[in-house]
Amino acid sequence: MAVEIVKEPEQESSSEADHRPDRELFDEAVAAANGGDAEGLERLEELLSQFPQIWQQVGDLNQHAIRTLVTLLAAGNVLAQQSILKSVEQLTDDLSEGNLPSVPEQLLIGGVVCSWLEVQLAINQSAGLGDESLVRSRFHLKLRDSSRRRFESAVRSLQQYRIREVELARIKEKVAAEAEAQQADYAQVLRTEYPWLDRRAQLVG
Amino acid sequence: MGWKESNGRRYYYRSTNTEGTISTQYCGSGMAAEAAAMGDNQRRLHRQSQYAEDLQYISHVSEGHSVALDAQWWIERLVRADACLSGFLRHNRGSEWRRRHGS
């Protein structure tokens with residue numbers, strides 16, 4: 001089989017990358033915040049406030065990835081490209097469940113769509129294999145496995161996010177009931193009793 | 001695999017690895033040994049060029065997937081950051097999220 005020439009993805013400009021912190025630094029900050037100490041959480045908040053456009057930028061990065069994968073999957077066939085784009089739109093709508101998702105949820109939905117396309121591409125690429133070398137066959141097998149795992153992980157992350165949102169909605173409901181009983185301002189009660197929720201609202205897109 | 005010299009004469013040996021067992025085959029000396037060595041050399045060069053082509057192919061195919069990989073990495077970390085800000089802690093390598101003590 002001839003080596004398939006795939007179109008190289010467009011490189012993101014340096015200004016786009018400037019809207020994101022250093023990968024390693026961000027990873028460390030998230031890990032420290034997850035460690036449970038207040039200092040780690042403060043560091044993460046500081047980093048997110050330094051890069052307020054990160055949510056939008058990662059969303060754009062994901063859209064770029066989706067476009068690249070659609071182009072690769074369609075392989076120059078305009079009709080196929082339109083059909084894949086329709087499927088992407090349909091999947092996004094289905095995952096949104098008719099609601100207007102929050103910024104993190106939009107990212108997660110985009111992530112599920114992107115990893116789904118990646119699985120389709122990996123399947124397509126391995127289906128086109130003929131009398132290939134062992135190295136290429138192993139590579140395609142690993143690629144199919146790893147993209148499937150990423151898809152499963154993306155779906156799991158979306159599920160977990162929705163479970164967390166249900167818990168947070170319960171807290172907000174409790175705060176609303178307390179505010180009503182005290183005849184106080186809901187936002188004020190939320191700020192006093194759950195200050196991190198208020199900070200989250202400011203930091204998350 | 002290679003040449004060995006003994007008493008001023010060169011002898012060619014071919015080593016093969018069969019399921020982890022190395023076996024050495026005597027190929028003689030003179031013209032027969034030269035022909036065997038040349039054949040082995042050609043096969044080795046072919047293997048090397050095939051391997052280089054494979055690596056190029058792998059890097060080419062991987063490029064399409066690497067954009068998605070980068071986007072997914074950032075989404076995952078941002079959502080983890082959001083969970084930490086919402087008072088949750090990640091447990092069991094992400095299989096569950098628990099409320100942080102006092103939140």
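Values quoted throughout were computed directly from the atomic coordinates according to the rules given, and no laboratory measurement underlies them. Just so we're clear, the structure is a prediction, and the values are computed from it rather than from any experiment. Every residue, glycine among them, receives a Cβ derived from its backbone with ideal geometry; neighbour counts consider all protein chains shown.
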### Task
Please report A:Asp93, B:Asp54 as a ranked list, fewest other C-beta atoms within 10 angstrom at the top and most at the bottom.
A:Asp93, B:Asp54
### Query
Going by average Cβ neighbours within 10 Å, how do the peptides A:56-68, A:111-123 rank, with the highest at the top?
A:111-123, A:56-68
### Listed peptides B:44-52, B:63-71, B:8-16 by packing density, highest first (mean Cβ within 10 Å)
B:63-71, B:8-16, B:44-52
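Sorted from largest to smallest, which semi-axis lengths in Å does the alpha carbon gyration tensor of the stretch B:24-70 give for its equivalent ellipsoid, taking the root of 5 times each eigenvalue? Walk me through the numbers before you get to the answer.
Numbers: eigenvalues 337, 15, 3 Å².
Semi-axes from the Cα gyration tensor: 41, 9, 4 Å.
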### Query
Helix B:30-85 versus the longest principal axis of chain B: what angle, 0 to 90°, nearest 10, using Cα atoms?
0
### Query
Dipole of the stretch B:2-99 (Lys/Arg Cβ +1, Asp/Glu Cβ -1, origin at the Cα centre): which of B:Val79, B:Ser59, B:Gly39 lies farthest to the positive side?
B:Val79
### Task
Report the full-extension gain for the segment A:Leu141 to A:Asp37: residue separation times 0.36 nm, less the Cα-Cα distance, to one decimal in nm.
33.3 nm
### Query
What is the calculated FRET efficiency for B:Arg43 to A:Arg149, with r their C-beta to C-beta distance and R₀ = 41 Å, to the nearest 0.05?
0.65
### Task
Highest first, please rank the peptides A:146-157, A:126-137 by the mean number of other Cβ atoms sitting within 10 Å of their residues.
A:146-157, A:126-137
### Task
Would you mind giving the mean number of other chain beta-carbons within 10 Å of the Cβ of each residue in B:55-61, as a whole number?
5
### Sorted by Cβ neighbour density within 10 Å, fewest at the top, the residues A:Asp185, B:Asp82
A:Asp185, B:Asp82
### Task
Can you give me the three principal axis dimensions of chain A from its C-alpha atoms, in Å, biggest first?
74, 36, 30
